[in-house]
């Protein structure tokens, strides 16, 4: 009888612990206070990144919305692409992947990415993959419709060394080419 009671107690404890566990894959978050850092340095444009964005199969068939991208490292180095969309091509169609070459300052390991959408169509990115020379490739899993008019994404930078909008950092308002 005692063994049975201990067994039930252990099962209850496991269920309790698992029900309060943090998810391993987090959801993208809106970040109203995120600012594009307009400071530039001599490194501006010295690195080229390949950014591959896949659009979810549950997105609308195509979007005409304006899509901007910002990513960076824990030291405040930021790369900004003000407009990735091209209304005259088939950019960001449902179930597709689009790759862009983005020029910007050289970063350390990329730990955050944000997307910004303006327009009426709506859009649901699936993943954003970023490849850089000094950074291991990183994939961010959005899998959610982007809200309009706000930066939306992920920040996995550690709080001890994370950037702040008041820190001295570099960014690049770069052109993206498909």
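The table that follows gives values for the structure above.
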| item | result |
| --- | --- |
| Condition met for residue 148 (surrounded by fewer than 21 Cβ atoms within 10 Å (Cβ to Cβ), modelled with pLDDT of 50 or more and in contact with a strand residue (DSSP E or B) (Cβ under 7 Å, 6 or more places away or on another chain)) | yes |
| Where residue 92 falls short, out of the listed (1) touching a strand residue (DSSP E or B) at 6+ places or on another chain (Cβ under 7 Å); (2) farther than 16 Å from residue 121 by Cα | (2) |
| Any pair with Cβ under 7 angstrom, 6 or more apart, that starts in segment 84-107 at a residue that is at positive phi and surrounded by fewer than 19 Cβ atoms within 10 Å (Cβ to Cβ) and ends at one that is assigned to a loop (DSSP other than H, G, I, E, B) and modelled with pLDDT of 95 or more | 95/57 |
| Condition check for residue 55: under 15 Å from the mean Cα position of the chain (by Cα) and either touching a residue at least 60 places away in the same chain (Cβ under 8 Å) or under 19 Å from residue 139 (Cα atoms) (or both) | yes |
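The values are calculated or read from the model by the stated rules, or taken from the named source; none is laboratory data. Keep in mind that this is a model prediction, so the values were computed, not measured. Cβ coordinates were reconstructed from backbone atoms using ideal geometry, including for glycine residues, and neighbour counts include every protein chain displayed.
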